[in-house]
Amino acid sequence: MPYDERFAVFHAHMDKVWKLLAGEEVDDALIPPFPGAAGGPRFVLGAWSSPLSLKRAARDYDGWMSSSGLTNIKVMGEGIKRYRDLGGSAR
């Protein structure tokens, strides 16, 4: 898979995963959730602190985990601030 397409494919598949976990049929697949488990587990987006990744993490996921490349504490702190400014939280 081309490197620059990986996140688009990932997000497209996550949309399917969330539908399946909600009990919806997707492409002839149906995974009925266990009682009390509708919606499935929480998902955290692990990515760099790019504006697009932080926006997706705050809007679509249950949190953001900085990737291992963010070894500078100042850069990581700035990413956390931007994530929170976008409405992200630790749910």
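Just so it is clear, none of the values below were taken in a lab; they were calculated from the coordinates. Bear in mind the structure is a predicted one, so any value in this text is a computation, not a measurement. Cβ sites come from the backbone with ideal geometry, for glycine too, and all protein chains shown count toward neighbours.
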Sparsely packed trypsin sites (Lys or Arg not before Pro) within segment 18-65, loop by DSSP, other Cβ within 10 Å at most 13: ARG42
Positive minus negative residues near HIS13 (Lys, Arg vs Asp, Glu; Cβ under 15 Å): -1
In Hz, Karplus ³J(HN,Hα) per residue of segment 35-42 (6.51, -1.76, 1.60; θ = phi - 60°; x = Gly, Pro): x, x, 10, 4, x, x, x, 7
Exposure proxy order (Cβ contacts within 10 Å, fewest to most) of TRP64, TRP18: TRP18, TRP64
Lys pairs, the chain - Cα-Cα below 26 angstrom, 8 or more residues apart or on other chains: 4
Distant-in-sequence amide H partners of PHE43 (H built 1.01 Å from N, under 5 Å): ASP62
For segment 1-40, alpha-carbon Rg and Dmax in angstrom: 12.5, 39
C-alpha long axis of helix 73-85 to longest principal axis of the chain, angle in °: 50 degrees
Over the chain: helical MRE at 222 nm, DSSP H runs n ≥ 4 each giving -39500 (n - 2.57), nearest 500: -13500 deg cm²/dmol
Highest-fluctuation residue, VAL75, VAL44, VAL17 considered, GNM on the chain with Cα pairs under 10 Å: VAL75
Between helix 51-60 and the chain: long-axis angle, C-alpha atoms, 0 to 90°, nearest 10: 40 degrees
Extension gain from LYS55 to ALA8, taking 0.36 nm per residue of separation minus the Cα-Cα distance: 15.5 nm
Difference of contour (0.36 nm per residue) and Cα-Cα distance, VAL44 to LEU30: 2.7 nm
Per residue, the convex hull volume that the Cα atoms of the chain enclose (Å³): 110 Å³
